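The values are calculated or read from the model by the stated rules, or taken from the named source; none is laboratory data. This structure is a prediction, so every number in the text was calculated from the model and none was measured. Quick reminder, even Gly has a Cβ in these numbers, built from the backbone with ideal geometry, and neighbours come from all protein chains shown. Side chains included, ligands, DNA and RNA excluded: accessible areas come from the protein's heavy atoms. Shrake-Rupley method; radii C 1.70, N 1.55, O 1.52, S 1.80 Å.
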Protein chains: 2
Amino acid sequence: MSSVSEPKSERIPAAQRREQILDAAAEVFGERGYAGTTTDQVAQAAGISQPYVVRMFGSKENLFCELLLRARERLETRLRNALTRPEVKALSAAERKAFLGRAYVDLIGEGGIVLPLMQGFLLGHDPVIGKYAREGFLVIYRLLRDEGGFSQDEVRDFLAGGMLINTLLTLQMTGLYDTDDTARELLGCSFGEKIDIVLNAGSAS
Amino acid sequence: MSSVSEPKSERIPAAQRREQILDAAAEVFGERGYAGTTTDQVAQAAGISQPYVVRMFGSKENLFCELLLRARERLETRLRNALTRPEVKALSAAERKAFLGRAYVDLIGEGGIVLPLMQGFLLGHDPVIGKYAREGFLVIYRLLRDEGGFSQDEVRDFLAGGMLINTLLTLQMTGLYDTDDTARELLGCSFGEKIDIVLNAGSAS
DNA sequence: GTCTATAATAGGATAGAC
DNA sequence: GTCTATCCTATTATAGAC
């Protein structure tokens, strides 16, 4: 160390910092929701100062919208990748649904995508964010229906399963897995063989 | 009028006022979520002053917990009533599930129960409310499994459908019914013949 | 049983230095 | 590119009158 006091955070390119902030925002907003999160919590998670977060995105609202957009694009990409794999095209609708479900749980394991989206879904009343959230939901619906070759009812059932999974995650039901028989049963039949992924997701960042 | 200025609100028994406040809280919390709601918004919806709301329930947190408790009890009662009707016992599991689904949508139409519960489900991170919310979810799960005569997977599917419905409501997707084809399709296959109930729910209080 | 006034604090956003 | 200092408003909660 050549100087007595080190800078609080390294000087890095804006684009990279931006991603860091979005990563931090995904975690905090995903857990605490939009209104329940402060820009200072995001800043601390990103290792920078609160005003810098606001400076970079203009406002808390805008930060959340950009987060929603990024999350939706990633989900879209992932689902599309899964659907276009050659071996998937040969499967029955039910098998494709199960395959997609596993891909969805894998995505959850990576974090930062599904929970912010779910938090956005609860903001229909917000004139700005609500519009983003509804649009994102419909984009996913259409993707599954049109590119997945599913019927309306099949898409509905897939989305329903996803919403249950999302709800169990935001409830933090996974924390009861070891101590509550009912919770274990419910988690077991909701996540299937991939249950380990979400049980471990809590310990990762 | 015998006096020049009338009192802002009538003097009524505490128990009755309490219910009024809970009704108002159900509406506001249900739409805006826990963190997104101020005690003043609840007070205004109830037609009283903000300090009185706090005075009556001790804290915003406690008000929300009491709301969750009331909502869960009402849902429990409703499901139990539906399940114990003699003509229901004779139905197949699939038919019972459909019957319960319709009962659930009827409950939504009455308002004040389902949305606050859903908002609670997003608060797993909260040390106090999270515990309430998880417990409430598990109570409903056990009720369906044990008193409904459903298998684990059947209960899961029922809950999944419920969570999709709840999500569409918090998203306020119903507002797009008349203008967006995709939204209409999704709402149609999610709510079935009872779609009118939720489309009209927006105009009711 | 209900209100007004207000304390105490938190939180988003801005200004300006470095 | 990043921080410190700070403004301003919103919000929960308390005190005390009626």
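Of all residues in the stretch B:129-143, those being of a type in the set (Val, Ile, Thr) and under 15 Å from the mean Cα position of the chain (by Cα) number 1. Just one of the listed residues (B:Thr167, B:Thr182) is surrounded by fewer than 20 Cβ atoms within 10 Å (Cβ to Cβ), among the polar types (S, T, N, Q) and within 23 Å of A:Ile165 (Cβ to Cβ), namely B:Thr182. Being within 23 Å of B:Ile129 (Cβ to Cβ) and either open to solvent by 60 Å² or more (accessible area, probe 1.4 Å) or out of contact with any Asp or Glu (no Cβ under 7 Å at 6 or more places or on another chain) (or both) is a description that does not apply to A:Arg17. Within the stretch B:93-135, being among the basic types (Lys, Arg) and without any contact (Cβ under 8 Å) to a residue 60 or more places away in the chain holds for B:Arg96, B:Lys131, B:Arg134. Looking only at the stretch A:128-140, decide whether some residue is within 11 Å of B:Leu171 (Cβ to Cβ), open to solvent by 20 Å² or more (accessible area, probe 1.4 Å), touching a Lys or Arg at 6+ places or on another chain (Cβ under 9 Å) and not small (Gly, Ala, Ser). Yes; the residues of the stretch A:128-140 include at least one that is within 11 Å of B:Leu171 (Cβ to Cβ), open to solvent by 20 Å² or more (accessible area, probe 1.4 Å), touching a Lys or Arg at 6+ places or on another chain (Cβ under 9 Å) and not small (Gly, Ala, Ser).
Scanning the stretch A:84-112 for residues that are open to solvent by less than 10 Å² (accessible area, probe 1.4 Å) and under 20 Å from the mean Cα position of the chain (by Cα) turns up A:Leu100, A:Val105, A:Leu107. For the stretch B:4-13, the criterion of being more than 11 Å from DNA strand C (Cβ to nearest atom) and crowded, with 19+ Cβ neighbours inside 10 Å is met by none of the residues. Checking B:Arg80, B:Arg72 one by one, the residue that is open to solvent by 30 Å² or more (accessible area, probe 1.4 Å) and within 14 Å of chain A (Cβ to nearest Cβ) is B:Arg72 and no other. Whether a residue is part of a loop (DSSP other than H, G, I, E, B), more than 16 Å from DNA strand C (Cβ to nearest atom) and open to solvent by less than 10 Å² (accessible area, probe 1.4 Å) was assessed, and B:Gly120 does not pass this test. What do you reckon, is A:Gly202 more than 19 Å from B:Thr170 (Cβ to Cβ), in contact (Cβ under 8 Å) with a residue 60 or more places away in the chain, open to solvent by 20 Å² or more (accessible area, probe 1.4 Å) and more than 7 Å from every other protein chain (Cβ to nearest Cβ)? In short, no.
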